[in-house]
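Only one structure is covered here, and it is reproduced in the block below.
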Amino acid sequence: ATSSLDDMAPGTSFSPILSDVLSKSSEKVTRVVFVAGKLYYDLVKAYAEQSSELTDKIAIVRLEEICPFPRDELASELERFPNVQ
């Protein structure tokens, strides 16, 4: 995957964490998977092959920056999922 020039145009900003866009309801999520790099695309492919009963319980969050570690952003993202174990 690559970024388009529009992703880097004036008025855009870098985000150290990209929120889950696959889960339908943050209330149903019980597990959050944090992933970096190309592994995200492998997980999305496997995710699409699973039953909705399983995928409704899993959120995949992309870490785009590891150093410095985005601790505050990570904590904010986890707050979206009140039932994570």
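The values are calculated or read from the model by the stated rules, or taken from the named source; none is laboratory data. All figures in this text were calculated on a predicted structure; none of them were measured in a lab. Because the Cβ atoms are built from the backbone with ideal geometry, glycine has one as well, and the counts that use them run over all protein chains shown. When the accessible area is computed, the model is the full protein with side chains, heavy atoms only, and any ligands, DNA or RNA have been set aside. Shrake-Rupley method; radii C 1.70, N 1.55, O 1.52, S 1.80 Å.
Out of the residues in the range 11-53 that are part of a strand (DSSP E or B) and open to solvent by less than 50 Å² (accessible area, probe 1.4 Å), state the one that is nearest to residue 78 (Cα to Cα).
Residue satisfying both the conditions and the ranking: 32.
Could you tell me whether any residue of the range 54-72 is open to solvent by 40 Å² or more (accessible area, probe 1.4 Å), charged (D, E, K, R) and without any contact (Cβ under 8 Å) to a residue 12 or more places away in the chain?
Looking through the range 54-72, at least one residue is open to solvent by 40 Å² or more (accessible area, probe 1.4 Å), charged (D, E, K, R) and without any contact (Cβ under 8 Å) to a residue 12 or more places away in the chain.
Look at the range 2-54 and say how many of its residues are among the acidic types (Asp, Glu) and in contact with a Phe, Trp or Tyr (Cβ under 6 Å, 6 or more places away or on another chain).
Counting residues in the range 2-54 that are among the acidic types (Asp, Glu) and in contact with a Phe, Trp or Tyr (Cβ under 6 Å, 6 or more places away or on another chain) gives 0.
Name the single residue, out of those in the range 26-50 being in contact with a Lys or Arg (Cβ under 9 Å, 6 or more places away or on another chain) and of a type in the set (S, T, N, Q), that is nearest to residue 81 (Cα to Cα).
Filtering first and then ranking leaves 26.
Give me the pairs, please: first residue somewhere in the range 35-50 and without any contact (Cβ under 8 Å) to a residue 12 or more places away in the chain, second residue anywhere and open to solvent by less than 80 Å² (accessible area, probe 1.4 Å) and polar (S, T, N, Q), beta-carbon distance under 9 Å, and either six or more positions apart or on two chains.
48/55
Take the range 76-85 and flag every residue that is among the hydrophobic types (A, V, I, L, M, F, W, C) and either open to solvent by 50 Å² or more (accessible area, probe 1.4 Å) or closer than 17 Å to residue 40 by Cα (or both).
Passing the criteria: 78, 84.
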